[in-house]
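Contents: one structure, followed by commentary.
The values are calculated or read from the model by the stated rules, or taken from the named source; none is laboratory data. The structure presented is a predicted model; accordingly, all values stated were derived computationally and were not measured. Cβ sites come from the backbone with ideal geometry, for glycine too, and all protein chains shown count toward neighbours.
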Amino acid sequence: MLTLGSAHGPERRQEDQGLAAQLLQLRPALCACAAHVAAGRFDDANRCVDRIMGLASLGDGPLQRLSKIFVGGLVRRQLGTTINRALINPSTPYSVRTARSSFVKLLPFLKVAYVAINRVILDAMENEKFVHIIDLSGPAAHPWQWLKLMRAFRRRPYGAPNLCITVVHEDGEFLADTSARLRAEADSMDMAFTFHGFLGRLETLDLGNLHESLAIKSGYAHAFSCALQMRRLLRLPVMDAAAVQQLHLPGAAASSFVHYAHHHHHEMNLVPDDYPSPTTSLSPFTATPSPPQHQHLVVPSPLTQFQLAVRAVSPKVVAIMEQEVMASHNNGQDFPARFRDALHYYAALFDALQDSSGGALLGGGDECRRRQTQEEEERAQVEQVVLGEEIRDVLVRDVMVAEPLRRWAARMVGAGFGAVPLSYVAKMEADEVLRKYRLRGYENRAHEKCLLLCWNGRPLYAVSAWRPWSCSQGSAFSVSSQQQQRMVVPGQMTPTWTWPRQHAAKVHNFTY
């Protein structure tokens with residue numbers, strides 16, 4: 001990081017202040033470039049790119065590195081659909097698996113979420129003898145989570161359940177390795193265990209055949225765990241309500257949606273007739289059209305289709321970890337707004353990563369320098385592969401920026417789920433994981449019976465738990481049984497959330 005007010009005299013201080021003033025121009029330059037790309041003003045966009053790259057070359061702080069990734073995404077978007085396929089996954093010297101391991105090592109968020117989710121599952125399965133866990137976290141999945149859960153199940157006074165774990169992942173080698181590790185652990189504990197690997201991603205699941213795809217068994221209590229994947233389902237395809245029959249949803253889910261779409265279409269995010277579906281590449285050469293007077297009735301996003309399919313399984317609990325982003329209203333149809341939301345969020349995440357890696361180490365000696373070099377290498381892996389991939393999702397592939405917890409809550413309640421409060425024990429166990437990282441500025445904040453994972457007071461991730469209303473014995477929202485009955489039909493109620501004032505107010509201040 002650059003520290004103003006150096007000990008090298010007034011000339012050095014003036015140089016530092018001049019550099020700081022130049023770097024403060026990066027954010028508005030990036031936002032202006034995004035607006036030019038969205039409007040198809042190529043000459044203006046190219047001039048912005050040249051200016052941004054010049055400013056970003058002035059140093060190697062987190063803001064400069066972030067700016068290079070963002071401008072790379074803008075360039076790929078501007079190049080258009082014919083070239084995007086070749087550039088959408090840029091070459092990198094780092095492997096994806098190594099980079100994701102570095103993410104878990106340097107930042108505490110995933111391990112904290114794993115522990116909190118495990119506690120949610122343990123509480124929900126307290127008296128169950130046959131338990132089936134479905135891990136939908138995909139690239140964010142880690143065998144560490146399930147090894148820890150198996151040991152916790154083994155410590156139950158009445159013994160471990162007959163356990164089945166299904167993992168959805170696009171890496172066959174990861175599935176094979178996870179299967180071997182979990183089976184070996186089960187054998188060492190003499191625990192009845194079954195593993196099922198599904199090669200694919202959450203968005204490629206056949207929702208009409210979820211029982212077969214995920215090896216869902218009758219007679220088992222089911223729990224879903226999903227970390228950092230549900231935002232990929234926030235897409236808005238255009239189709240009439242009659243097209244629900246083509247979605248291959250379970251019968252009950254399809255009929256619920258038809259009722260909801262007929263009576264609540266004014267509450268749904270509508271897409272203009274001439275607005276292209278985000279399932280195909282958007283042309284960067286035309287501005288987003290303004291909504292015409294007549295609009296299609298839109299089938300809810302793949303997220304809602306997925307929620308209805310999961311609800312049909314009647315799980316005991318659905319545990320979710322997602323990014324906590326102050327998203328603009330309806331940012332899915334406004335690329336500059338989506339760009340700004342992503343820029344503010346990832347600026348904070350890059351700063352947190354900088355503080356957690358070798359860039360924040362103090363001291364001397366060969367061992368300290370070796371450790372600093374190693375952690376800087378790991379930090380570069382995370383930035384370029386893990387976070388860089390997420391940023392390209394937003395800028396190039398038109399995946400929507402994740403939403404804040406209050407919107408996730410409204411979506412879950414609207415799909416017929418009630419909130420399951422995270423226990424005090426879940427918070428304490430998550431805090432213990434955080435203490436082991438020995439990092440400053442991180443905290444777990446209980447809010448509305450959920451858990452916010454924060455850095456320097458800003459929530460960056462949120463963990464929440466849900467179950468279908470038909471299974472609920474109560475809810476964090478404390479509604480009446482009559483209201484619960486109404487909420488079985490998606491979209492009829494949304495909860496009222498009291499949000500921390502500081503989170504709603506400030507936009508991230510970049511460091512450099």
For the condition aliphatic (A, V, I, L, M) and either over 17 Å from Asp123 (Cα atoms) or outside the structural domain of Ser314 (by TED's automatic domain parsing) (or both), what is the one hit in Leu163, Leu149, Leu207?
Leu207
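Tell me which residues, restricted to region 151-173, are assigned to a strand (DSSP E or B) and in contact with a helix residue (DSSP H, G or I) (Cβ under 7 Å, 6 or more places away or on another chain).
Within region 151-173, Leu163, Ile165, Val167, Val168, His169 meet the criteria.
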For Val420, are the conditions met, namely being under 15 Å from Leu303 (Cα atoms) and surrounded by 23 or more Cβ atoms within 10 Å (Cβ to Cβ)?
no
Suppose the filter is at pLDDT 95 or above, of a type outside the set (Val, Ile, Thr) and out of contact with any strand residue (DSSP E or B) (no Cβ under 8 Å at 6 or more places or on another chain); does Leu136 pass it?
no
Being modelled with pLDDT of 90 or more, outside any helix (DSSP H, G or I) and assigned by TED's automatic domain parsing to the domain that holds Pro315, is that true of even one residue in region 105-117?
yes
I'd like to check which helices (runs of 4 or more DSSP H) are fully inside region 382-501 and have at least 2 residues that are on the phi < 0 side of the Ramachandran plot and modelled with pLDDT of 90 or more.
388-395, 405-414, 424-437
Does region 190-204 contain any residue that is surrounded by fewer than 20 Cβ atoms within 10 Å (Cβ to Cβ) and at positive phi?
yes
By residue number, the members of region 104-133 that are crowded, with 24+ Cβ neighbours inside 10 Å and over 21 Å from Cys450 (Cα atoms) are His132
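Go through region 170-189 and give me each residue that's in contact with a strand residue (DSSP E or B) (Cβ under 7 Å, 6 or more places away or on another chain), closer than 17 Å to Ser137 by Cβ and either surrounded by 18 or more Cβ atoms within 10 Å (Cβ to Cβ) or of a type in the set (Phe, Trp, Tyr) (or both).
Step one: list which residues in region 170-189 are in contact with a strand residue (DSSP E or B) (Cβ under 7 Å, 6 or more places away or on another chain), which gives 170, 172, 175, 178-179, 182-183, 186.
Narrowing further to those that are closer than 17 Å to Ser137 by Cβ: 170, 172, 175, 178-179, 182.
Correct list: Leu175, Thr178, Leu182.
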